[in-house]
Structures are given as structure tokens and as C-alpha cells.
Amino acid sequence: MTTTVLGYPRIGSDRELKRACESYWKGDIPAAELDSVTSWLRRTTWQTLREAGIDAIPSNTFSNYDHVLDTAVLFDLVPARFATIGAAADTDDREAELRRYFAMARGADAAPPLEMTKWFDTNYHYLVPELTPHTRPRLAGRKPLSEYVQAKGLGIETRPVLVGPLTLLMLAKPGAEAPEGWQPLELLDDLVACYGELLDQLAAAGVSWVQFDEPILVTDAGQAALQELERAYSRLGGATQRPSIAVMTYFGTVGAQALDIFKQMPIEGVGLDFTTPETRSDLVRVSGLGGKTLFAGVVDGRNVWRADIPATLATLSSLLGLAGEVVVSTSCSLLHVPIDLARETELDPVLRERLAFARQKLDEVGLLGRAMAGDATAENELERARARAAQPTPKSFIDSRVRARLESLGGKDARPDYAQRSKEEIAKLPLLPTTTIGSFPQTSKVRSARAAHRAGRIDDQEYERRMRAEIDRVIALQEDIGLDVLVHGEPERNDMVQYFAERLDGYATTKHGWVQSYGSRYVRPPILYGDVSRPSPITVGWSTYAQSRTDKPVKGMLTGPVTMLAWSFVRDDQPLGDTARQVALALRDEVTDLERAGIRHIQVDEAALRELLPLREKEHSDYLEWAVGSFRIATSGVADSTVIHSHMCYSEFGRIVSAIDSLDADVTSVEAARSHMELVDDLAAAGYRRGIGPGVYDIHSPRVPSVAEIETSLRAALNGVEAARLWVNPDCGLKTRSYADIEPALRNMVEATRRVRAEL
Ligand code: GLN
Ligand code: ZN
């Protein structure tokens with residue numbers, strides 16, 4: 001049985017890609033130097049895969065920024081505003097090409113970047129192609145071909161990977177000039193012709209297999225477009241001179257109908273994800289694939305746990321003889337996991353031996369391939385794998401007290417009905433109370449104090465002194481600006497999830513476990529491995545200190561259970577909902593401790609509530625039930641006068657709009673600045689009758705909004721909600737901004753509020 005993976009991390013084991021890109025953007029290195037770093041990164045990856053014994057090695061999985069952007073540029077799907085960028089007479093072609101490419105990703109003077117959004121339900125973000133009826137797809141680049149040729153020059157035969165036409169178009173959006181109702185999918189035939197031209201070129205260069213990624217097929221929208229799928233691949237497969245075509249699906253099940261269509265299509269291979277309970281339902285259906293090669297995604301490409309080798313071998317054996325050749329593969333690209341566990345020397349060995357990062361997953365795929373081929377060299381490793389699989393969950397992962405507490409919680413996740421709650425804390429505030437979302441700018445002073453403390457260069461006392469000085473400053477500034485509900489500014493937090501993960505039992509954090517979030521932004525998701533509890537209070541000291549410095553109320557600030565899971569690697573041995581409830585219980589302790597310490601407003605951020613929404617609608621209600629339930633466990637331990645706030649970083653709630661109400665928070669702040677307060681109406685229509693803080697200005701841009709602009713937003717909001725329920729705040733935390741932009745912006749926000757209040 002042969003082996004492959006669907007893709008590999010491209011950032012480099014020492015984040016070389018980030019450093020090279022950022023230097024290039026600053027103008028510190030020329031294009032040629034960036035290119036030489038990236039050429040080295042590709043070579044290293046292919047060699048790593050070859051040394052690990054992977055038989056079929058993918059290429060064109062590298063990207064300078066994002067693979068969807070690469071594909072858009074390859075087919076010249078470039079909005080007009082970028083057309084002339086880089087075209088100055090004094091730039092060479094490569095420099096010009098890169099300037100335009102990065103302008104699409106990051107924006108340039110008069111050209112805002114493409115929108116960025118999440119790649120399915122992962123934490124990777126791609127750039128959304130913008131298309132109109134005037135878009136003329138054409139094969140305008142050579143990237144897949146050049147990478148193939150580069151690998152071939154190293155003696156490595158590869159399988160170029162492309163985002164498939166259906167997925168590309170269904171992830172694109174109509175550009176502003178497109179007429180109402182026009183859909184990018186209308187470009188399918190034109191685009192497929194370009195893919196066909198590319199296949200010709202690849203065949204001529206000697207390519208034998210090409211991989212088309214079509215993860216859109218695991219979504220409801222993809223399922224509704226199976227006819228288009230068939231049309232596209234009938235055309236592509238119909239060519240006489242072409243490489244073999246494999247269509248890969250991942251992140252879920254494709255179902256019987258899609259498999260039927262795959263069978264009809266003139267393609268040679270199909271990739272299926274077999275790593276979740278739902279996707280295993282596709283196992284029994286693969287006989288429907290006829291003689292096509294099956295790329296069996298049995299090693300989880302997006303979580304960090306070792307594969308259960310004996311169980312996986314059983315799965316692979318059950319596939320034999322059902323379809324054509326079976327290739328052992330990962331469920332998706334390894335882009336979503338850190339590169340190498342070998343570097344995590346400080347992890348608890350009990351945990352470490354249960355983990356596999358990208359490099360270790362190559363070994364697992366290799367072992368499975370050798371074991372299936374009956375290779376004698378696999379015997380010893382198999383023996384070890386069997387022993388490991390037979391081991392029970394380590395005692396240190398289990399906390400029976402957590403489980404008992406959850407069980408005994410019973411119905412205690414409900415507060416008195418919202419309408420009946422005392423509103424005394426809110427009554428102390430003026431109408432249209434002003435506040436912020438939590439973080440204040442993380443200055444270099446704050447960052448270096450944290451770094452010095454981590455490295456042991458300053459002791460706890462000195463660290464506390466510096467953080468308190470920062471809190472003093474932030475409180476004084478907020479008082480001076482005239483805000484009504486203050487925050488401590490979160491200077492002690494590196495990241496809203498990692499900070500809590502480091503302080504909860506059941507969570508581990510890594511030193512080098514970087515994963516690309518988008519472009520040159522990488523994150524180190526914590527690993528939630530066991531039952532979660534809170535050994536001691538986390539935020540209480542900082543919040544009470546801040547409260548001691550002012551007579552205004554200070555809002556406590558926590559990260560909610562769903563977000564704590566969404567931005568971590570989580571255990572896969574129990575339902576997500578159970579894990580969320582455990583995290584919620586730990587937060588519940590923090591919430592009640594904050595209240596006991598005199599904090600009257602407590603915000604629980606659920607930035608990722610919508611992100612984690614399953615790709616299939618039929619799974620939504622289950623998800624929302626545990627997501628909402630865990631928020632309520634976290635927040636229902638308080639007196640009814642304590643004001644619970646929630647915050648969400650988006651405004652298009654879509655299907656979760658009614659869930660926002662079920663959270664039972666007293667006030668919810670959301671992003672709204674870019675959508676003209678429309679969501680105030682959406683929420684009202686869904687029956688939302690609580691406090692609402694639609695972000696009145698966009699913190700994602702350094703632009704300082706004028707008083708008049710903010711007044712206009714507030715008046716627009718007041719059309720949909722009565723003054724007694726309206727809060728005034730920016731649309732997200734201020735951590736990434738500088739004081740030079742936030743100070744005037746907040747002053748304008750307070751001034752605009754005063755003017756609107758005067759008319760009430
Ligand atoms: N309280 C957090 C902050 O202000 C919320 C961040 C977020 O919503 N992403 O930074
Ligand atoms: Zn936010």
C-alpha cells in the first residue's frame with residue numbers, strides 16, 4: 001500500500017517564512033532574497049517527506065501568503081483596483097508581481113485588500129476572491145508548474161495540488177460591481193477551461209497525478225452543487241493528454257450522492273476523510289467508487305493526537321477490495337498542525353508521548369503503509385503502537401471531582417428571568433453607557449515586561465509593580481476620557497486563550513507549536529488534554545486592583561468556553577460539549593470570585609461562537625445547545641444585579657441570531673461599524689430585548705472616526721433599539737492599536753454620546 005499526505009506546513013520550523021515576508025514588506029530584502037528563502041523551504045519540505053518514506057509527495061502546497069490567493073492570481077482573478085499596482089517603470093517583473101500579490105493580501109495605498117475569512121471550520125484564514133461578470137479567467141501564472149519542475153530538479157517526482165474550481169468559485173464572492181443576484185459559479189465553464197490548459201502544461205512537463213482539493217463538498221452548499229461538480233470534472237477528465245486526477249474532500253463526510261457522482265466522473269482518484277465518527281459512515285459506501293484509487297484520510301491532519309494504529313489498520317483493511325488501489329493518507333493538509341514535536345522538550349512526557357505533530361504524522365502514515373504491505377520492518381513499531389493503544393487514559397488526565405461537580409450542577413445554570421432581574425447596577429449609569437471591549441494597546445513596554453518576567457529577568461514583585469503601573473495609567477486615561485464602565489486593559493495577557501490555558505489544569509501550552517493563522521500571523525494553540533479545572537483565581541487580583549483605583553465600575557474580563565475550545569487543540573476522546581462544560585465550570589468559579597471581590601460587571605468573550613458552528617446545518621442545533629449551555633454554566637452563578645456582558649467579533653449572526661438571546665447575558669457587544677448597524681434590526685427581529693453595544697467604530701483600521709460619524713451611527717442604532725438598552729463601545733479590543741489612534745477615537749466616541757444623550 002502506498003502513502004501520501006495532502007499537504008505540509010509551509011512556515012518553516014523556525015518561522016523562516018514569516019521573517020522573510022516581513023523583511024521583504026519592510027523593504028529590508030529584495031524579491032530575490034525572499035524567493036531564495038521560499039525555494040529553500042520547499043526543498044526542505046520535499047526532502048523531509050521523502051526521508052520519512054512518503055511515496056507520493058505533493059507540490060504547490062507552498063504559498064507566500066495563502067493558497068486561495070495563489071489560485072486566484074494563477075487564473076488572473078484580480079480585481080481592477082490591483083491591476084496597476086507594481087507596474088512602475090523601475091520595477092522588474094518579479095518585484096511587480098509580488099507587489100501586486102501582497103497588495104491583494106494586505107492592501108496598498110488606494111486599494112483595500114481582499115476580505116479575509118476562515119477556511120471552513122479551521123483557524124486558517126484565506127483571502128476571498130472577488131469576481132464579477134466581467135472577470136475573464138485566464139491561465140496567467142506558472143506556479144504549479146515551476147514548483148513541479150523545481151522538485152523534479154531535485155530528483156523528486158511530485159503531485160501538484162490545486163484548489164479545485166468548484167471550491168474556488170464557491171468560496172469567492174461577487175465584487176461590488178456585480179449585479180444583484182449574480183453568482184461567481186457562473187464563471188465555472190470559463191474557469192474550467194483554464195484549469196484544462198494548466199493540465200495540458202503539467203502533462204507536457206511529465207506530471208502523472210494532479211490533486212484537486214474540493215472540501216466545499218462537505219458543506220450544505222457544496223452538496224447542492226453536485227451537478228456543477230460533475231460538469232467541471234467531466235470537462236477536465238475528458239481531455240486525452242492529461243495527468244491522472246484525484247479529487248480530495250476533507251473536513252467531513254460527502255455522503256452517498258457525491259460518491260455516486262464521483263463514480264461517474266472521468267477521474268482516477270478520490271480522497272475521503274475517515275477521521276470523525278460521521279465521516280466513518282462513508283466507509284461502507286466506498287464500494288460505490290468502482291475501481292478508482294481511494295486516498296484514505298485515516299491520519300487526522302488537524303488535531304495533534306497520535307493515531308490509534310491498530311484501529312486505523314483495521315479501517316484500512318476493511319477498505320481493501322472495495323475500491324481500486326488504497327493510498328494511506330492524512331485527512332487533510334498538515335497545514336493545521338505544528339511542525340515537529342521533537343522540539344517540545346518541556347512538555348510533560350505523559351502527554352508528549354500521546355501527541356503527533358506534522359513530522360510525526362508522516363511517520364504514522366509511513367508505518368501504516370508498511371504494515372499494510374506486510375513489511376517486516378514495521379513489526380517492532382507496530383508492537384509499540386499496540387501497547388500504546390492498549391494503555392488506559394493516564395490518571396493525571398482524569399479529575400473525578402470535575403466530573404462529579406458537573407453532574408451535581410443540575411439545573412443551576414439558569415439565572416432569574418432577565419425581565420425580573422434587578423437592574424440597579426445599570427440604573428447607576430447614564431443612558432447610553434460608554435465602555436470598551438477590554439484590551440488597551442499592548443505597548444512595547446508592556447510586552448517587554450512580560451518577556452522579562454517569563455525569562456526570569458524580573459521577579460514577580462517587579463512584574464506586578466509594572467503591570468499595576470500600566471493599569472493605573474489605563475484607568476486614569478479612561479477617567480479622563482469620560483468613559484462610564486472601565487476596564488483594566490489586559491496588559492498581563494499574551495493572548496485571550498493562551499493566558500487562561502496556562503492557568504487552567506488540563507491544558508498544556510507549547511514553545512514552538514506555531515500554526516499559520518493567516519499570512520505571516522501564526523498562533524500557538526494550547527492543547528486541552530484532560531479534565532479542566534481552575535487551581536486558583538486567575539484575573540481577580542488584576543481586576544480588584546483596577547477597581548481600587550477608581551469610583552467608576554470596572555468590568556472583569558474572561559474568555560468564554562466555546563472560544564477556549566475553538567482556538568485550542570482539544571481532546572477527541574469525549575464529545576466537545578462535555579469539554580466545554582468543564583471549561584465553563586472553571587470559569588464559573590472565576591466569575592463568582594470576581595463578584596465576591598466586588599466586581600459588578602463581568603464580560604465573558606465568545607469571539608468564536610459562530611466560528612465553531614458546524615459546516616452542516618443538521619448539526620447546528622446540537623452545537624448551539626452545548627455552546628449556549630456552557631456560557632450559562634459559566635455566568636449563572638452570580639447575583640441577579642451583577643451585569644453579565646458578552647462580546648462577539650462579528651455582525652453577521654445568520655443562524656445564531658436567536659442563540660445570542662439564549663446566552664442570557666445582560667449586555668452583548670458586537671461588531672457593527674462596517675455593516676451600518678443593520679444587526680440591531682436583525683437582533684430585534686429575532687426577539688432580542690437585552691442590552692446591546694453595536695460597535696460604533698471599526699478598530700481594525702487606524703483611522704480615527706469623527707464625532708459626526710459616530711453620532712450618525714448612534715442615531716441609526718436608536719432607530720432599532722430604545723435608548724435604555726443601547727451601549728456605546730468600539731467594535732473589538734484595542735490591543736493591536738496604538739494610543740495615537742485610540743485616544744482621539746475614544747474621545748470622539750464619548751463626545752458623540754454626550755451630544756446624542758442631550759437630545760434624549
Ligand atoms: N476582551 C478581548 C480584548 O479586548 C476581546 C478580544 C476579542 O474579542 N477578540 O482584547
Ligand atoms: Zn472582538
(request) For the stretch 698-742, name all the residues that are in contact (Cβ under 8 Å) with a residue 12 or more places away in the chain, within 16 Å of ligand 2 (Cβ to nearest atom) and under 26 Å from the mean Cα position of the chain (by Cα). (result) ASP698, ILE699, HIS700, ASN729, PRO730, ASP731, CYS732, GLY733, LEU734, LYS735, THR736, ARG737
(request) Select the strands (runs of 3 or more DSSP E) contained entirely in the stretch 643-732, then report the ones holding at least 2 residues which are crowded, with 23+ Cβ neighbours inside 10 Å and among the aliphatic types (A, V, I, L, M). (result) 643-648, 667-670
(request) Name every residue in the stretch 722-745 that is within 17 Å of HIS647 (Cβ to Cβ) and more than 12 Å from ligand 1 (Cβ to nearest atom), in order of residue number. (result) ARG725, LEU726, TRP727, VAL728
(request) Filter the stretch 429-445 for residues that are within 16 Å of GLU743 (Cβ to Cβ), more than 13 Å from ligand 1 (Cβ to nearest atom) and not in a loop (DSSP other than H, G, I, E, B) and give the result. (result) THR434
(request) Name the residue, out of VAL628, VAL562, that is under 27 Å from THR275 (Cα atoms) and either without any contact (Cβ under 8 Å) to a residue 60 or more places away in the chain or outside any helix (DSSP H, G or I) (or both). (result) VAL628
(request) Confirm whether VAL207 is hydrophobic (A, V, I, L, M, F, W, C), surrounded by 22 or more Cβ atoms within 10 Å (Cβ to Cβ) and touching a residue at least 60 places away in the same chain (Cβ under 8 Å). (result) no
(request) Could you tell me whether GLY369 is modelled with pLDDT of 95 or more and within 16 Å of ligand 2 (Cβ to nearest atom)? (result) no
(request) Being part of a helix (DSSP H, G or I) and touching a helix residue (DSSP H, G or I) at 6+ places or on another chain (Cβ under 9 Å) is the filter here, so list the residues in the stretch 481-500 that pass it. (result) ILE481, PHE500
(request) Kindly indicate whether any position in the stretch 501-517 is crowded, with 20+ Cβ neighbours inside 10 Å, at pLDDT 95 or above and within 16 Å of ligand 1 (Cβ to nearest atom). (result) yes
(message) I'd like the full set of residues that are of a type in the set (A, V, I, L, M), over 13 Å from the mean Cα position of the chain (by Cα) and more than 16 Å from ligand 2 (Cβ to nearest atom), limited to the stretch 604-622.
(response) LEU615
(request) Considering each of GLU197, GLU157 in turn, give the residue that is charged (D, E, K, R), farther than 29 Å from PRO9 by Cβ and touching a residue at least 24 places away in the same chain (Cβ under 8 Å). (result) GLU197
(request) Quick one: count up the residues across the stretch 597-630 that are buried (at least 23 other Cβ atoms within 10 Å of the Cβ), of a type in the set (A, V, I, L, M, F, W, C) and in contact with a Gly (Cβ under 6 Å, 6 or more places away or on another chain). (result) 3
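Can ALA672 be described as within 16 Å of ligand 2 (Cβ to nearest atom), in contact with a helix residue (DSSP H, G or I) (Cβ under 6 Å, 6 or more places away or on another chain), more than 30 Å from PRO575 (Cβ to Cβ) and among the small types (Gly, Ala, Ser)?
Numbers: within 16 Å of ligand 2 (Cβ to nearest atom): yes; in contact with a helix residue (DSSP H, G or I) (Cβ under 6 Å, 6 or more places away or on another chain): yes; more than 30 Å from PRO575 (Cβ to Cβ): yes; among the small types (Gly, Ala, Ser): yes.
It is true that ALA672 is within 16 Å of ligand 2 (Cβ to nearest atom), in contact with a helix residue (DSSP H, G or I) (Cβ under 6 Å, 6 or more places away or on another chain), more than 30 Å from PRO575 (Cβ to Cβ) and among the small types (Gly, Ala, Ser).
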(request) Give me the pairs, please: first residue somewhere in the stretch 598-614 and in a loop (DSSP other than H, G, I, E, B), second residue anywhere and among the basic types (Lys, Arg) and within 15 Å of ligand 2 (Cβ to nearest atom), beta-carbon distance under 7 Å, and either six or more positions apart or on two chains. (result) GLU611/LYS118
(request) Could you tell me which numbered condition LYS552 fails, if it satisfies all but one of (1) under 30 Å from TRP25 (Cβ atoms); (2) more than 16 Å from ligand 1 (Cβ to nearest atom)? (result) (1)
(request) Quickly run through the stretch 26-43 and pick out the residues that are assigned to a helix (DSSP H, G or I) and surrounded by 14 or more Cβ atoms within 10 Å (Cβ to Cβ). (result) ALA31, LEU34, ASP35, VAL37, THR38, SER39, LEU41, ARG42, ARG43
(message) Checking the conditions here, which among ILE471, ILE475 is touching a Ser or Thr at 6+ places or on another chain (Cβ under 9 Å), of a type in the set (A, V, I, L, M), away from ligand 2 (no atom under 16 Å from the Cβ) and within 20 Å of SER439 (Cβ to Cβ)?
(response) ILE475
(message) Among the listed residues VAL628, VAL643, VAL696, identify the single one that is touching a helix residue (DSSP H, G or I) at 6+ places or on another chain (Cβ under 9 Å), within 16 Å of ligand 1 (Cβ to nearest atom) and closer than 23 Å to ARG588 by Cα.
(response) VAL643
(message) Can you tell me how many residues within the stretch 646-671 are within 24 Å of GLN420 (Cβ to Cβ), of a type in the set (Asp, Glu) and within 16 Å of ligand 1 (Cβ to nearest atom)?
(response) 0
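The values are calculated or read from the model by the stated rules, or taken from the named source; none is laboratory data. Note that the coordinates shown come from a computational prediction; the quantities given were computed from them, not determined experimentally. Cβ: placed from backbone, ideal geometry, glycine included. Neighbour counts: every protein chain shown.
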